[in-house]
Amino acid sequence: MSAGSQRPVLPSSRIAPTVHEVMAKHFASTIAEVEQAIARSPIVVVGMAQNPYPRKARKLLDSAGVRYEYLEYGSYFSGWRKRNAIKMWAGWPTMPLVFVKGVLMGGADDLQRVIASGEFQKQLSSGAS
């Protein structure tokens with residue numbers, strides 16, 4: 001897919017109305033928790049224990065001297081349903097999810113690229129949130 005392309009998503013017309021209701025309620029409190037963090041903090045990292053990539057993202061932000069909020073949902077042995085709901089909501093397949101001013105920047109490797117390119121600093125200093 002080219003930049004700006006959308007990932008394939010099952011059209012609403014192909015989802016039964018009763019399933020829409022189930023989807024809307026699926027770990028809604030977890031999704032609300034993430035949305036609240038994104039609303040109150042310029043940088044949010046959503047991760048899990050034991051996975052080296054959330055740790056890498058946090059170290060990158062620490063090295064850059066940037067404050068962030070970290071939300072951790074389980075480990076390889078627990079919390080997978082909450083993480084799955086977050087991934088489905090965001091459309092991002094892996095942990096961590098890094099949000100900068102409400103925008104999903106991707107994971108740890110993506111964060112490393114935007115920091116190296118200077119785009120991260122531009123995003124932080126922009127007036128948009």
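Accessible surface ranking for 62, 110, 1.4 angstrom probe, highest first: 62, 110. Heavy-atom accessible surface of residue 80, to the nearest 10 Å², is about 140 Å², with a 1.4 Å probe and all protein chains retained. From the largest down, the chain spans 47, 35, 27 angstrom on the principal axes of its Cα atoms. Structural descriptor for the chain: relative contact order 25 percent, calculated from alpha carbon pairs under 8 angstrom and at least 6 residues apart. The calculated FRET efficiency for residue 39 paired with residue 14, based on their beta-carbon distance and R0 = 30 Å, is about 0.45. Give me the distance between the Cα centres of the stretch 61-110 and the stretch 31-58, rounded to whole Å. The stretch 61-110 and the stretch 31-58 have Cα centres separated by 4 Å. Under a 5 Å amide H cut-off, with hydrogens placed 1.01 Å from N, residue 48 pairs with 73 among residues at least 5 apart or on other chains. GNM on the chain, alpha-carbon springs under 10 angstrom: the most fluctuating residue among 85, 57, 108 is 85. In order along the stretch 44-54, the phi-based Karplus estimate (6.51 cos²θ - 1.76 cosθ + 1.60, θ = phi - 60°) of 3J(HN,Hα) comes to 10, 10, 10, x, 8, 6, 6, 8, x, 6, x Hz; Gly and Pro are listed as x.
The values are calculated or read from the model by the stated rules, or taken from the named source; none is laboratory data. Only a predicted model underlies this, so the values are computations on that prediction, with no experimental measurement involved. Quick reminder, even Gly has a Cβ in these numbers, built from the backbone with ideal geometry, and neighbours come from all protein chains shown. Just so you know, the surface numbers come from the protein's heavy atoms only, side chains and all, with ligands and any DNA or RNA stripped out. Shrake-Rupley method; radii C 1.70, N 1.55, O 1.52, S 1.80 Å.
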